[in-house]
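Following: one structure in structure tokens, then a few remarks.
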Amino acid sequence: MDAFGRRLRASLRLKRNSWVPCEEARGEGRKETEETVREPSLSNYTGGPHFFEYLFVVSLKKNHSGDDYEPTITYQFPKRENLLRGQQEEEERLHGAIPLFCFPDGNEWAPLTEYPRETFSFVLTNMDGTRKIGYCRRLLPAGPGPRLPRVYCIISCIGCFGLFSKILDEVEKRHQISMAVIYPFMQGLRESAFPAPGKTVTLKSFIPDSGTEFISLTRPLDSRLEHVDLRSLLGCLTHEQILQIFASTVLERRIIFLAEDLSTLSQCIHAAAALLYPFSWAHTYIPVVPEKLLATVCSPTPFMVGVQKRFIQEVLDSPMEEVLLVDLCEGIFLKSVGDERDVLPPKLQNAILSSLAQRNNDLQTLEQVNEHVSGPFVQFFIRTVGHYASYIKWGPDGQGSFQERSFCKALPSKTSRRFVKKFVKTQLFSLFIQEAEKSRTPHAGYFRQKITEYEEHKKQKKPKEKTVK
């Protein structure tokens, strides 16, 4: 690791075995923020774990100099005295990271009379790879006159933004009455098991003056994209631009997104990372870069980051290497490498653009839009690397060995071979194939299912082609 990488990691890690902050989210005026060396896969939970581990309330308090405000944890559930010793040590580490990422946009605040509520989340990745996700609601508390925003933050190991947004609605509603009303609701939630995809859990909760309420929390049937909203990219960029960003991500380049508001930044970056499925971005990933970490854009290593547009001059003045600089407000590229249109095989590029251009009036729900947008990119990976399982040689000890050379040669298209020869050298592919080499029986997930469907379609097509001849 170079000197810059060591300094950047030092600035992110609080101490040994501490949580590395990583922000991401989506929302209504939803803001997502994120920071880690690897973009975490958030949708692999089949059901069973508890909903959450902690609830924190983070408020702004005057700092020691009295000039600015700093975020401070003012409430938590469960209380510290109710935690076991190991949990208390973990909670101390969380205390160091959570305030910064509940207020990632700095400490220069002033009391306000109006403030749009924001729903966002961040991810904390431990040294051992375990993750905790912080789901946040930032708003002005009830009361007369100017006030400072406050954040409700739920810490969980589960990625399901829509569901936790509804939970935050309930927390917000109870907090308007009294903090004491939150306790029984969160206790009931903490004792409930997280539902499997498509299933519902119902909570019984009492609210003074309203009586007993029954709250139903339903998880989407397709959990693969329950952590992302792909409409964000479509609203800011053309299909051709999205394809060029995709080309930059598959070759693990440096990408900076610019936008005025945090929700646009975080939603678009998370959407761009989601298009890499079944691969995961394995480098620096910060959908909203705090001002203190703007030096990230000088990193010589791959990154995908978001910067508020008010820092554009600082970014442009930074000694950056080759980078794709995307202005989401104007829908333009301010900087590029120049070859983004030539990275992907032309025939497959056209197939993606053709699929995205097909307007379907039946796309009513977010799940349907996500499937429509992500589908062509999944097909791209099936047609370029979907044959990977046939080129893993298995030893008597059950350990697989990927045959890279023959794998690349198996592609009939010269342009596809040229692309794949570069792609197999990336961390994206290396991490994926390392997992595949561990088990002779491929995991029966969505990607394997789509590969099987594609192969069956090819088999059915061949007899028809022979008949025509």
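Can you confirm whether region 188-197 contains a residue that is open to solvent by 10 Å² or more (accessible area, probe 1.4 Å), part of a loop (DSSP other than H, G, I, E, B) and among the polar types (S, T, N, Q)?
Yes, region 188-197 contains at least one residue that is open to solvent by 10 Å² or more (accessible area, probe 1.4 Å), part of a loop (DSSP other than H, G, I, E, B) and among the polar types (S, T, N, Q).
Does Arg383 satisfy the condition of being surrounded by fewer than 16 Cβ atoms within 10 Å (Cβ to Cβ), charged (D, E, K, R) and either more than 24 Å from Ser439 (Cα to Cα) or modelled with pLDDT of 95 or more (or both)? Before you say what the answer is, go through the steps one by one.
Numbers: surrounded by fewer than 16 Cβ atoms within 10 Å (Cβ to Cβ): no; charged (D, E, K, R): yes; either more than 24 Å from Ser439 (Cα to Cα) or modelled with pLDDT of 95 or more (or both): yes.
In short, no.
In region 254-267, is there at least one residue being buried (at least 21 other Cβ atoms within 10 Å of the Cβ) and part of a loop (DSSP other than H, G, I, E, B)?
For region 254-267, residues buried (at least 21 other Cβ atoms within 10 Å of the Cβ) and part of a loop (DSSP other than H, G, I, E, B): absent.
For (1) part of a helix (DSSP H, G or I); (2) more than 23 Å from the chain's Cα centre (by Cα); (3) closer than 26 Å to Trp281 by Cβ, each residue gets a yes or a no:
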| residue | (1), (2), (3) |
| --- | --- |
| Val373 | yes, no, yes |
| Pro376 | yes, no, yes |
| Phe381 | yes, no, yes |
| Thr384 | yes, yes, yes |
| Ser390 | yes, yes, no |
| Phe407 | yes, yes, yes |
| Ser416 | yes, yes, yes |
| Thr441 | no, yes, no |
| Lys450 | yes, no, yes |
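Looking at the structure I just gave you, is Ala247 hydrophobic (A, V, I, L, M, F, W, C), buried (at least 24 other Cβ atoms within 10 Å of the Cβ), assigned by the TED database to the domain that holds Gly331 and touching a residue at least 40 places away in the same chain (Cβ under 8 Å)? Talk me through it step by step, then tell me what you get.
Values: hydrophobic (A, V, I, L, M, F, W, C): yes; buried (at least 24 other Cβ atoms within 10 Å of the Cβ): no; assigned by the TED database to the domain that holds Gly331: yes; touching a residue at least 40 places away in the same chain (Cβ under 8 Å): yes.
The answer is no for Ala247.
Within 24 Å of Gly134 (Cβ to Cβ), under 23 Å from the mean Cα position of the chain (by Cα) and free of Cβ contacts under 8 Å to residues at least 40 places away in the same chain - does that describe any residue in region 168-182?
yes
Considering only region 260-297, how many residues are polar (S, T, N, Q) and farther than 26 Å from Arg224 by Cα?
Residues flagged as polar (S, T, N, Q) and farther than 26 Å from Arg224 by Cα within region 260-297 amount to 1.
Name the residues in region 390-423 that are free of Cβ contacts under 8 Å to residues at least 24 places away in the same chain, surrounded by 12 or more Cβ atoms within 10 Å (Cβ to Cβ) and not basic (Lys, Arg), would you?
Tyr391, Gln403, Glu404, Phe407, Cys408, Ala410
Mind telling me which of the residues Val297, Val307 ends up being crowded, with 20+ Cβ neighbours inside 10 Å, free of Cβ contacts under 8 Å to residues at least 60 places away in the same chain and within 27 Å of Lys425 (Cβ to Cβ)?
It is Val297.
Consider region 424-439. How many of its residues are without any contact (Cβ under 8 Å) to a residue 60 or more places away in the chain, of a type in the set (A, V, I, L, M, F, W, C) and assigned to a helix (DSSP H, G or I)?
Final tally of qualifying residues: 2.
Please count how many residues of region 338-368 are at pLDDT 90 or above and either among the charged types (D, E, K, R) or open to solvent by less than 50 Å² (accessible area, probe 1.4 Å) (or both). Full working, then the answer.
Applying the first criterion (at pLDDT 90 or above) to region 338-368 yields 338-357.
From the residues that got through so far, the ones that are either among the charged types (D, E, K, R) or open to solvent by less than 50 Å² (accessible area, probe 1.4 Å) (or both) too are 339-345, 347-349, 351-353, 355-356.
Number of matching residues: 15.
The values are calculated or read from the model by the stated rules, or taken from the named source; none is laboratory data. Being a predicted model, the structure only gives us computed values, none of them experimental. Here Cβ is always computed from backbone atoms with ideal geometry, including for glycine, and neighbour counts include all displayed protein chains. Heads up: the accessible areas ignore ligands, DNA and RNA and are worked out on the full protein's heavy atoms, side chains in. Shrake-Rupley method; radii C 1.70, N 1.55, O 1.52, S 1.80 Å.
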